[in-house]
Each structure stands twice: as C-alpha cells, then as structure tokens.
Ligand SMILES: [Zn+2]
Ligand SMILES: [Zn+2]
Ligand SMILES: [Zn+2]
C-alpha cells in the first residue's frame, strides 16, 4: 500500500498572512503564500495520523474532508501546535473513540494544565477525550502499520521532538540537533524540516541552517515548513533552493 503525506499547514505560529500585515507575501494571491499553522497528515492502509493540532486544526480537517484520525503526535507544547485539541470532540462523538495523543511527559503535563477541564476528577462533561501516551522511554512506537522513531532537538531552551517514519522524517520548531539525533535521520528519502526565514532567529532554524542540516542528512528530497512571511514569495524563493530542496505549501501531497 502506498503511503502519502499531506501538508495541512506550513506556517509559523501567527500563520501567513499575519493579522494587520500588508507585505507582498501577506497580500499575495498565490495560495502557496498562505500558510496555516504547521501540521502534517500521514496516511497508509487503514491508518491516518496527524502531527500537531494547532488553532487551524478544525479548518484543516474540514478542508481536506477528514472525518477520522487514529492518533495525534505532538512535537511540543506551544499553542500553534496544540491549540486545536479541543476540536477532537467531533471525532469522539461521531466515531466513538478517544483520541490517542503521543507526546513527551513534559508536553503531556502541559496538556493536562492547558486542558485541565478534560482531565482528572473534575473532568467536564463533553470535554475532549484525550488519551495521553508518553513516549520518552520508547525507542519506537506504532500506530497501525506506521512505526515512528522520536528524534529529539532543542527549540531554544525548550525540548522538541520530531518523528521518523520509514523513509521519511519530520522536524519542526528545531533550533539545534545533536550529532546522535542526526544519525537517526540517516537513510531517509524525504526530510521535512523547519525553516522560518532567511535571517537567524533565537528558537527556529533559518533557511540556511535548515539547508545545512539537510545536506548532512542527504535525503533525495527536502521540504521546508513552519515558514513566516519573511521567507518571501513562493515563486521567488523556490527557484533559488538547492537541487532537491523545496518550500512546502499548504495542501501539498506527496507519496512516500
Ligand atoms: Zn511552532
Ligand atoms: Zn507580511
Ligand atoms: Zn514552538
């Protein structure tokens, strides 16, 4: 069975366009310049997994006509990656299952705090049914036939986790990664990695920093995600990228 990935969102925390911005990217009519909050969907035979569920999660599910998913994997606790978790209530209701949420113990703790009404003794009736599964001690875990390997990095002082699945790896909100973790990426055919903008940023890879990591991993193809408006117009930036490297855009689907 063929597996495919769909970029549900490829934008940084505020999304693109930014509220109130009149730059050429935020006012572009090219749909590839509009970026919802970063999220990736992976589909294989009978299994569908989404990595991160930010504030655009509901719209992303509706736009792609997705009625059910088997699990959500979280990369870290920032709201642009977790702010849509309440929306799984519709899946809880219609599909009659809780939503497995794979994440680190640190992120799980943040979810119990951020969504306090969904956990514990005072759980509110009708709250989302989220089953937190902590991955810290796991070298690998599986959702259906999809096997995931956590790949750890730093997002400034915050830990962040990316995921390798088969010949594909997905890293977002990384600012640094150790040699040991880069080793886990060796042999991937497709690498998806965050590239915020051209100039350096304290907590996200710039485009050049992302290109440098990609060159070390040396996959066949690379897609950059979690971009802000300063990345520039898709049509201007795409031709300047090294061979095999591309800007991802919302709705892009590729077979893996
Ligand atoms: Zn982010
Ligand atoms: Zn702008
Ligand atoms: Zn973040």
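Using C-alpha pairs below 8 Å separated by at least 6 residues, the relative contact order for the range 4-253 is 19 percent. Listed peptides 119-127, 214-222 appear in the order 214-222, 119-127 once ranked by packing, highest mean of other Cβ atoms within 10 Å at the front. Using the average count of surrounding beta-carbon atoms within 10 Å as a protection proxy, the listed peptides 22-33, 48-59 rank, highest first, as 48-59, 22-33.
Arranged from fewest to most other beta-carbon atoms within 10 Å of their beta carbon, 238, 43 become 238, 43. Compared with the dominant principal axis of the Cα atoms in the chain, helix 207-217 is inclined by about 80°. Angle between the Cα long axis of helix 105-114 and the longest principal axis of the chain, 0 to 90 degrees, nearest 10? Compared with the principal axis, the helix lies near 70 degrees. Between the range 184-256 and the range 9-73, the C-alpha centres lie 16 angstrom from each other. Relative protection proxy for 74-84, 128-138, from highest mean packing down: 74-84, 128-138 (other beta-carbon atoms within 10 angstrom).
All of the numbers you see were taken from the coordinates with simple rules; none came from a lab. Everything quoted here is computed from the prediction, not taken from an experiment. Ideal geometry is used to build each Cβ from the backbone, glycine not excepted, and the neighbour counts take in all protein chains shown.
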